[in-house]
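Step one of this worksheet: look at the structure below.
The values are calculated or read from the model by the stated rules, or taken from the named source; none is laboratory data. Model, not experiment: these values are computed from the prediction. Please note: Cβ atoms are built from the backbone with ideal geometry, for glycine as well, and neighbour counts cover all protein chains shown. Remember, those area values only see protein heavy atoms, side chains included, never the ligands or the DNA or RNA. Shrake-Rupley method; radii C 1.70, N 1.55, O 1.52, S 1.80 Å.
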Amino acid sequence: MKAKKILISGASIAGPTLAFWLYRYGFETTIVERAESLRLGGQNVDIKGAAQKIAQWMGIEEEIRAADTGELGVLFVDKNNVTKAALPKGESNLGTSELEILRGDLVMILYVHTKENVEYLFGNQIIALDEHQDGVKVTFQNGEIRDFDLVICADGIRSRTRSLIFGDEPVVKPVGLYVSYFTIPRTATDSRWARWYNATDARVIFMRPDNEGTTRASFSFMSEPMGYEKLSQEEQKALLQEKFADAGWEAKRVLAELDNNADVYFDAISQVFAPRWSKGRCAMTGDAAFCPSPLTGMGVSLSVVGAYILAGELSRHDHHSDAFAAYDKAFRPYVTEIQKLPPGVPRLAHPKTKLGIFFLNTILNVISSKFVIKIGELFSNKNKSSTDDTIELEEYGK
Ligand SMILES: Cc1cc2nc3c(=O)[nH]c(=O)nc-3n(C[C@H](O)[C@H](O)[C@H](O)COP(=O)(O)OP(=O)(O)OC[C@H]3O[C@@H](n4cnc5c(N)ncnc54)[C@H](O)[C@@H]3O)c2cc1C
């Protein structure tokens, strides 16, 4: 196609994957990232189905395998750290997956594979977009003004660039769960097993081993939408301190480390539904366009596949509007399928009362592991392994 200069907003998973393929197809690509450097936080993320195939084609699958955290599976524990159920890696679609990696390690791998061929602008962002007949005039926060043929936003679920382009047309729908991810020092109770703990009032603490000698912690709690995601990081930390102060188990240890973390990810788990993914010379991909939520276990995979298809369609069409239409047509049915959450998710995994937790733990404890796995599959739609492969990937060539 004639449009050759493409600006991507967001240097996480979707942005660099898109840039990787665009470079392969001969485009000149710039990525602008709001943070001063790559954001490397977060827990393990899965690379499944079609995304695994794309990782192979990108030549990064072995690097991803080499960065495996060594997690053996997930233990469900009570307040005394007694294991109520164990889901070993690979024996269930819930828990530890066959191919997974720390989110930050994947971000770094994608960066290393693109940085020579893609211009990265850190600590900057788009503040205005002015589309004209031949391109888009972009004003950056640092005052610079540059022209690009196309602009793609890949800057996550709370994308401001998306608002500049689409206003409030895309719907960000909360699922009733807040989650936070951060890293804490490893201690004697941490092992190669991840540990999942339910506290009353629909609160969960989930700790996972990493391959860096630390532990990846997360807090999650059910709540009506309260706008907590808009609070400052200090306010979010204070909220978590208050919410989990009496949660029991290792809550005090995790809370004691919270304030030492400079990059605490905190958000209202939500899904993004957008009636269109493009407008004029601008488009979007990744969580900004179609976040399925971490409850599906498919956030990263969907981002990788979406970026691959968008780049491929741009490579094969003369006009960007045809490419954007083909991207939508090829990818939307898959996205729609992945975004379907089973009934009871995420409530089933976050019981409110002591009795509810007792029930959950008793079921997990007493019933045979096969049944446990079935119960586990109710927690998320990770059991949709059939849908992981329901998209036939085009080989766009080169
Ligand atoms: C720090 C962090 C930790 C995470 N941890 C987990 C986890 O543990 N488990 C999980 O399932 N998912 C996690 N996620 C979400 C997960 O990365 C996404 O669901 C998925 O990978 C889709 O990626 P994405 O590239 O579309 O968006 P994201 O991964 O959300 O990345 C968006 C990027 O855009 C940048 N950005 C935001 N606004 C702007 C702007 N205006 N201009 C320029 N850049 C901007 C952000 O700094 C970020 O680098 C995390 C995301 C982040 C940012």
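Filtering the range 21-45 to residues that are touching a Lys or Arg at 6+ places or on another chain (Cβ under 6 Å), within 6 Å of the ligand (Cβ to nearest atom) and part of a strand (DSSP E or B) leaves only V45. Can you find, within the range 255-288, the residue that is farthest from the ligand (Cβ to nearest atom) among those that are within 23 Å of K137 (Cβ to Cβ) and surrounded by 21 or more Cβ atoms within 10 Å (Cβ to Cβ)? In this case the residue turns out to be R281.
Count, please, the residues in the range 135-152 that happen to be among the β-branched types (V, I, T) and in contact with a helix residue (DSSP H, G or I) (Cβ under 7 Å, 6 or more places away or on another chain). Before you say what the answer is, go through the steps one by one.
Within the range 135-152, the first condition is being among the β-branched types (V, I, T), and the residues that meet it are 136, 138-139, 145, 151-152.
Now narrow it down to the ones that are in contact with a helix residue (DSSP H, G or I) (Cβ under 7 Å, 6 or more places away or on another chain): 152.
The total comes to 1.
Per the listing Y265, Y334, the residue uniquely aromatic (F, W, Y) and under 30 Å from N81 (Cβ atoms) is Y265. Please indicate, with yes or no, whether at least one residue in the range 68-83 is closer than 22 Å to G156 by Cα, surrounded by 14 or more Cβ atoms within 10 Å (Cβ to Cβ) and either under 17 Å from the mean Cα position of the chain (by Cα) or of a type in the set (V, I, T) (or both). Taking every residue of the range 68-83 in turn, none turns out to be closer than 22 Å to G156 by Cα, surrounded by 14 or more Cβ atoms within 10 Å (Cβ to Cβ) and either under 17 Å from the mean Cα position of the chain (by Cα) or of a type in the set (V, I, T) (or both). Considering each of A35, A19 in turn, give the residue that is open to solvent by less than 10 Å² (accessible area, probe 1.4 Å), touching a residue at least 60 places away in the same chain (Cβ under 8 Å), farther than 19 Å from S218 by Cβ and not assigned by TED's automatic domain parsing to the domain that holds T189. Step by step, each of A35, A19 is checked, and only A19 is open to solvent by less than 10 Å² (accessible area, probe 1.4 Å), touching a residue at least 60 places away in the same chain (Cβ under 8 Å), farther than 19 Å from S218 by Cβ and not assigned by TED's automatic domain parsing to the domain that holds T189. For the range 96-131, name all the residues that are within 28 Å of F148 (Cα to Cα), in contact with a helix residue (DSSP H, G or I) (Cβ under 8 Å, 6 or more places away or on another chain) and part of a loop (DSSP other than H, G, I, E, B). Result: H113, T114, N117, V118, Q125. Residues in the range 162-202 that are of a type in the set (G, A, S), surrounded by fewer than 22 Cβ atoms within 10 Å (Cβ to Cβ) and either more than 15 Å from the ligand (Cβ to nearest atom) or not assigned by TED's automatic domain parsing to the domain that holds A323 (or both): G167, G176, A188, S191, A202. Among the residues of the range 53-67, the ones that are over 14 Å from E394 (Cα atoms), part of a helix (DSSP H, G or I) and open to solvent by 10 Å² or more (accessible area, probe 1.4 Å) come to 7 in all.
Could you please find all residues in the range 329-352 being within 30 Å of Y308 (Cα to Cα) and in a helix (DSSP H, G or I)?
Taking the range 329-352 first, the residues within 30 Å of Y308 (Cα to Cα) are 329-342, 345-346.
Within the range 329-352, K329, A330, F331, R332, P333, Y334, V335, T336, E337, I338 meet the criteria.
Restricting the range 147-161 to residues that are charged (D, E, K, R) and within 9 Å of the ligand (Cβ to nearest atom) leaves a set whose member that is nearest to L22 (Cα to Cα) is D155.
Just checking, does the range 161-179 include any residue being among the hydroxyl-bearing types (S, T, Y), at pLDDT 95 or above and in contact with a strand residue (DSSP E or B) (Cβ under 8 Å, 6 or more places away or on another chain)? Among the residues of the range 161-179, at least one is among the hydroxyl-bearing types (S, T, Y), at pLDDT 95 or above and in contact with a strand residue (DSSP E or B) (Cβ under 8 Å, 6 or more places away or on another chain), which makes the answer yes. Cβ-Cβ contacts under 6 Å between residues 6 or more apart (or on different chains), taken from a first residue in the range 143-158 that is open to solvent by 40 Å² or more (accessible area, probe 1.4 Å) to a second residue that is among the hydroxyl-bearing types (S, T, Y) and within 14 Å of the ligand (Cβ to nearest atom), are listed as I145/T139; D155/S9; D155/T161. Restricting attention to the range 289-321, the residues that are open to solvent by 30 Å² or more (accessible area, probe 1.4 Å) and more than 14 Å from the ligand (Cβ to nearest atom) total 6.
Given the criteria surrounded by fewer than 16 Cβ atoms within 10 Å (Cβ to Cβ), under 30 Å from P275 (Cα atoms) and either under 22 Å from the mean Cα position of the chain (by Cα) or within 16 Å of the ligand (Cβ to nearest atom) (or both), does M222 qualify?
No.
Table: residues versus (1) within 16 Å of the ligand (Cβ to nearest atom); (2) of a type in the set (V, I, T).
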residue	(1), (2)
K48	yes, no
K53	no, no
E62	no, no
G70	no, no
F76	no, no
P88	no, no
I109	yes, yes
N117	no, no
Y120	yes, no
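Only a single criterion out of (1) modelled with pLDDT under 95; (2) under 19 Å from the mean Cα position of the chain (by Cα) is not satisfied by F273, namely (1).
Could we say that L87 is open to solvent by less than 40 Å² (accessible area, probe 1.4 Å) and not assigned by TED's automatic domain parsing to the domain that holds M207 here? It would help to see each step written out before you state the result.
Numbers: open to solvent by less than 40 Å² (accessible area, probe 1.4 Å): yes; not assigned by TED's automatic domain parsing to the domain that holds M207: no.
When the stated conditions are applied, L87 does not pass them.
Of the residues examined, L129 is one that is over 27 Å from G41 (Cβ atoms) and either within 13 Å of the ligand (Cβ to nearest atom) or not assigned by TED's automatic domain parsing to the domain that holds T29 (or both).
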